[in-house]
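Trainee: Once you've had a glance at the structure underneath, I'll fire off some questions.
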Amino acid sequence: MSGQEERRGWMGLLAKAPPARLRALWDEAPTHEMLRPPEVGAVMLRGRAGGSGAPFNLGEMTVTRCVLRLATGEVGHAVVQGRDKDHARRAALLDALLQGPDGPALRAAVLAPLERERAEARQSRAAKAAATKVEFFTLVRGED
């Protein structure tokens, strides 16, 4: 996996992480400069009928974005769903730190538990859905 793909993965994980859980795993604030302080805005969500049809505007979603630079020079970006400015700042800080020399330690301390919890939640949802699965069958009628 390339560095860009790896970064895209951890940025998505940080953005989707529950803010309280992210705060519990990492609650530090290294020296940094805000390039773009956390700000709330909206993005247009687009969809496609059937996944491959013509694109259409589904609606808007509220997001908060943040861009900052650490004293060591790494730049962190974050866009999170909702209006939680602290979540956006924390995700941007972690993005910047994961690019630096502390990256491997943070991957083990923050990203690994988040990935494990996300996989468990996905498995739990799949099990609940499987429990409600209904199998249909048709009987052959004698008319054919």
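The values are calculated or read from the model by the stated rules, or taken from the named source; none is laboratory data. Keep in mind that what you see is a predicted model, and the values were worked out from it rather than measured. Positions of Cβ are generated from backbone atoms using ideal geometry, with glycine treated the same way; all protein chains shown enter the neighbour counts.
Trainee: Going through V80, V110, V134, V140 one at a time, which residue ends up being touching a His at 6+ places or on another chain (Cβ under 7 Å) and among the hydrophobic types (A, V, I, L, M, F, W, C)?
Mentor: Numbers: V110 fails: touching a His at 6+ places or on another chain (Cβ under 7 Å); V134 fails: touching a His at 6+ places or on another chain (Cβ under 7 Å); V140 fails: touching a His at 6+ places or on another chain (Cβ under 7 Å).
Criteria check complete, one pass: V80.
Trainee: Follow-up question, since we're still on this one. Is segment 52-68 home to any residue that is under 24 Å from A20 (Cα atoms), modelled with pLDDT of 95 or more and among the basic types (K, R)?
Mentor: Checked against the condition, which is being under 24 Å from A20 (Cα atoms), modelled with pLDDT of 95 or more and among the basic types (K, R), segment 52-68 yields at least one hit.
Trainee: Applying the selection to segment 102-137, what residues are surrounded by 12 or more Cβ atoms within 10 Å (Cβ to Cβ) and either farther than 20 Å from A91 by Cα or touching a residue at least 40 places away in the same chain (Cβ under 8 Å) (or both)?
Mentor: Within segment 102-137, L106, R107, A109, V110, L111, P113, L114, E115, E117, R118 qualify.
Trainee: Further question on the same structure: Report, by residue number, each residue of segment 93-120 that is small (G, A, S) and either assigned to a strand (DSSP E or B) or closer than 16 Å to L35 by Cβ (or both).
Mentor: A96
Trainee: Of the conditions (1) free of Cβ contacts under 8 Å to residues at least 12 places away in the same chain; (2) of a type in the set (A, V, I, L, M, F, W, C); (3) in a helix (DSSP H, G or I), V140 clears all except one; give me its number.
Mentor: Only one criterion is unmet by V140, namely (3).
Trainee: All but one of (1) more than 16 Å from the chain's Cα centre (by Cα); (2) not in a strand (DSSP E or B) hold for A15, so report the exception by its number.
Mentor: All conditions pass for A15, except number (1).
Trainee: Moving on. Kindly establish whether E60 is in contact with a Lys or Arg (Cβ under 7 Å, 6 or more places away or on another chain) and farther than 24 Å from G100 by Cβ.
Mentor: Judged against the criteria, E60 is not a match.
Trainee: Please verify whether R7 is farther than 20 Å from H77 by Cβ, outside any strand (DSSP E or B) and in contact with a helix residue (DSSP H, G or I) (Cβ under 8 Å, 6 or more places away or on another chain), treating the condition exactly as stated.
Mentor: no
Trainee: Of all residues being assigned to a strand (DSSP E or B) and of a type in the set (A, V, I, L, M) in segment 63-81, which is nearest to A96 (Cα to Cα)? Just the residue, please.
Mentor: Per the criteria, the residue is V75.
Trainee: A follow-up question, please. For the structure I just gave you, tell me whether R90 is assigned to a loop (DSSP other than H, G, I, E, B), at pLDDT 90 or above, surrounded by 11 or more Cβ atoms within 10 Å (Cβ to Cβ) and not hydrophobic (A, V, I, L, M, F, W, C). Spell out how you get there, then give the answer.
Mentor: Working: assigned to a loop (DSSP other than H, G, I, E, B): no; at pLDDT 90 or above: yes; surrounded by 11 or more Cβ atoms within 10 Å (Cβ to Cβ): yes; not hydrophobic (A, V, I, L, M, F, W, C): yes.
In short, no.
Trainee: Related question: Among what's in segment 22-35 and is surrounded by 12 or more Cβ atoms within 10 Å (Cβ to Cβ) and not hydrophobic (A, V, I, L, M, F, W, C), pick the residue that is farthest from D95 (Cα to Cα).
Mentor: By that ranking, first place goes to R23.
Trainee: Next question. Determine whether segment 47-60 contains at least one residue that is closer than 21 Å to D95 by Cα, in a strand (DSSP E or B) and among the aliphatic types (A, V, I, L, M). Spell out how you get there, then give the answer.
Mentor: Initial filter on segment 47-60 (closer than 21 Å to D95 by Cα): none.
For segment 47-60, residues closer than 21 Å to D95 by Cα, in a strand (DSSP E or B) and among the aliphatic types (A, V, I, L, M): absent.
Trainee: Kindly indicate which of A17, A24 is without any contact (Cβ under 8 Å) to a residue 60 or more places away in the chain and of a type in the set (A, V, I, L, M, F, W, C). Give the steps one after another, and end with the answer.
Mentor: Working: A17 fails: without any contact (Cβ under 8 Å) to a residue 60 or more places away in the chain.
After ruling out the rest, the residue left standing is A24.
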